[in-house]
Amino acid sequence: MSFDFDLFVIGGGSGGVRAARVAASDAGAKVGLAEESRYGGTCVIRGCVPKKLMVFASTYSLAMDQAMAYGWDIKTGGFHWSAFRSKLEGELDRLEGVYRNLLKKSGVKTYDFRATVVGPNTVRLADGREFTAKIILLATGGWPSLPNIPGTEHAITSNEIFHLDALPKRILIVGGGYIACEFAGILNGLGVDTHLWYRGTQVLRGFDVEACDVIAKGMQERGISILTETNLAKIEKSSDSFKVTDTHAREASFDLVMCATGRTPNSGGLGLEKLGITLDRAGAVKVDAYSKTSLPSVYAIGDVTNRINLTPVAIREGMAFVETAFKDNPTPPDHSLIPSAVFTQPEYGTIGLSEEDARNQEPIEVYATTFKPMNTAFIADPQIVLMKLVVSQATRKILGCHIVADGAGEMIQMAGIAVKMGATKEDFDRVCAVHPTMSEELVTMKSPVRKG
Ligand code: NDP
């Protein structure tokens, strides 16, 4: 049977674009791709990229204070949100253009429409056109989910934060995950009176507890108010602010409420259930180790599968999919030992297991040190740094590496290479320190602080 395309990709985010490009350029496949919104997806348009640029913008307030403490004479003015926002929009337009161009150059035919799956090998665009494809790839990502309480229509999510007309004076951020904690740091740095409410006992649940404690303390020292074991119960709009009630029946007023309460896979309304494609309870498309769904002609990658929701992981899933489906080389994406960074202030870089998860797995040794780094100790800044290695007693391998420090994201990328290669604590010890740095502590910690 002949098809219009060898591959039709639904979703033009990082994963979908990479898979489409590589299938077309490396495997010579005839590829179509539909995107209903902007090319680049969450990461480029409403996630990692604009977020990181906002992180950069927000760190200058502290940098200026620190420069003055070092002896610089600086006259600081305010932060001009609208000037930054126009520049940001220009950069995102440029990046979207780059994505479109990459697809065009690879020979991928793009359609700026929503697409649904109407048969095992058929997609339908919102304008009614239908195409057949030997393989369909779902790469539709995820979308912020809001809590089910009265008044959430008054709250924004991370999707809207980049488009505000003006920064609020006082914001409530609900949630304690990546997005909540990162935006708390950003907005606080930009001069917004920032309050975070989290329903659990400590933010960034699931990460190494000691690291989370250092991060939360650092966030508070920078001026963020964090209320744990507190959740949003109701939002009411008044003339010039939002009245919120928490789960302890306390009331407070904010200029803006942002919910960062998780993300839902974008699997709804695509026609998947009708075709018998299995979804899990959270709506994620269920796939096998090779990203194949329960319908053999349909694959899925990235956040819509809710495996590890990170851009570089989606990209790798896309490349592994092309190997499997177009290069006769079945390749499961490798989801083990993925380094990542949370761009909180202070920043967190992590790979492998938390101390808690490692201890549940096997007997461990923990090497950890917290200290005031040279650059901020000099100016009596309270900032504390954490360097931590979780080591298997049996194999001596590093099971987890956790860094809370400025530049932790950059450091963990490097440390991650060694950890992924299976480095032992003794391998780390054999490396000479780079002095004076913060990360030299990773190779100079002699005795475990905890065992067992
Ligand atoms: P997370 O899953 O990280 O965090 C969601 C937070 O919202 C948790 O603290 C959760 O609490 C809380 N929550 C969930 N439901 C409710 C509710 N009904 N009421 C109140 N609180 C609630 O999601 P994010 O939205 O922060 O991020 C989504 C994903 O995006 C991340 O998992 C990550 O994969 C990715 N991401 C990665 C980044 C990076 O690599 N730097 C940056 C941003 C996002 P609880 O802990 O109790 O469940």
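Restricting the first member to segment 60-85 and to residues that are under 14 Å from Phe378 (Cα atoms), and the second to residues that are of a type in the set (Ser, Thr, Tyr) and not in a helix (DSSP H, G or I), no beta-carbon pair is closer than 7 Å while six or more apart or on different chains.
Residues of segment 268-288 that are within 16 Å of the ligand (Cβ to nearest atom) and touching a residue at least 12 places away in the same chain (Cβ under 8 Å): Asp280, Ala282, Gly283, Ala284.
Test Lys234 against the criterion of being farther than 30 Å from Gly15 by Cα, of a type in the set (D, E, K, R), within 16 Å of the ligand (Cβ to nearest atom) and over 26 Å from the mean Cα position of the chain (by Cα), and give yes or no. Yes; evaluated as a whole, the condition is true for this residue. Restricting segment 159-200 to residues that are within 9 Å of the ligand (Cβ to nearest atom) and farther than 19 Å from Thr59 by Cα, which is surrounded by the fewest Cβ atoms within 10 Å (Cβ to Cβ)? In this case the residue turns out to be Gly200. Between Gly141, Gly119, Gly90, the distinction of being within 16 Å of the ligand (Cβ to nearest atom) and at pLDDT 95 or above belongs to Gly141 only.
Report, by residue number, each residue of segment 280-291 that is out of contact with any strand residue (DSSP E or B) (no Cβ under 6 Å at 6 or more places or on another chain) and crowded, with 16+ Cβ neighbours inside 10 Å. Correct list: Tyr290 only. Of the set (1) in contact with a Pro (Cβ under 9 Å, 6 or more places away or on another chain); (2) closer than 23 Å to Ala418 by Cα, all apply to Ile301 but (2).
For segment 391-424, the candidate set comprises residues that are more than 22 Å from Gly218 (Cα to Cα) and surrounded by 20 or more Cβ atoms within 10 Å (Cβ to Cβ); within that set, the residue that is nearest to the chain's Cα centre (by Cα) is Ala415. Does Leu53 satisfy the criteria of being in a strand (DSSP E or B) and either surrounded by 21 or more Cβ atoms within 10 Å (Cβ to Cβ) or within 16 Å of the ligand (Cβ to nearest atom) (or both)? So Leu53 fails the test. The number of residues in segment 377-400 that are more than 20 Å from Phe207 (Cβ to Cβ) and among the polar types (S, T, N, Q) comes to 2.
Of all the criteria given as (1) over 27 Å from Cys401 (Cβ atoms); (2) more than 10 Å from the ligand (Cβ to nearest atom); (3) out of contact with any Cys (no Cβ under 6 Å at 6 or more places or on another chain), the one not satisfied by Ala155 is (3).
Going by what's in this entry, would Gly97 be described as within 23 Å of Thr324 (Cα to Cα) and surrounded by fewer than 18 Cβ atoms within 10 Å (Cβ to Cβ)?
Details: within 23 Å of Thr324 (Cα to Cα): no; surrounded by fewer than 18 Cβ atoms within 10 Å (Cβ to Cβ): yes.
Answer is no for this residue.
Inside segment 294-396, counting only strands (runs of 3 or more DSSP E) that do not spill past its ends, which hold 1 or more residues that are modelled with pLDDT of 95 or more and farther than 25 Å from Met445 by Cα? Quick ask: steps written out before the conclusion?
Values: elements: 298-300, 340-342, 348-352, 364-371, 385-392.
Of the strands (runs of 3 or more DSSP E) lying wholly inside segment 294-396, those with at least 1 residues that are modelled with pLDDT of 95 or more and farther than 25 Å from Met445 by Cα span 298-300.
Please enumerate the residues belonging to segment 237-272 that are surrounded by 14 or more Cβ atoms within 10 Å (Cβ to Cβ), among the aliphatic types (A, V, I, L, M) and over 22 Å from the mean Cα position of the chain (by Cα). Explain how you work it out, then say what you get.
As a first pass, look at segment 237-272 and keep what is surrounded by 14 or more Cβ atoms within 10 Å (Cβ to Cβ): 241-247, 252, 254-267, 270-272.
Now drop any that are not among the aliphatic types (A, V, I, L, M), which leaves 244, 252, 256-258, 260, 270, 272.
Hits for segment 237-272 are Val244, Ala252, Leu256, Leu270, Leu272.
Scanning segment 123-156 for residues that are free of Cβ contacts under 8 Å to residues at least 40 places away in the same chain and either in a loop (DSSP other than H, G, I, E, B) or among the aliphatic types (A, V, I, L, M) (or both) gives Asp127, Gly128, Arg129, Asn148. Restrict the check to segment 102-111 and report whether at least one residue is in a helix (DSSP H, G or I) and crowded, with 22+ Cβ neighbours inside 10 Å. Yes - at least one qualifying residue is present in segment 102-111.
The values are calculated or read from the model by the stated rules, or taken from the named source; none is laboratory data. Since we're looking at a predicted model, the values are computed, not measured. Don't worry about glycine lacking a Cβ; one is built from the backbone with ideal geometry, like all the others, and counts go over all protein chains shown.
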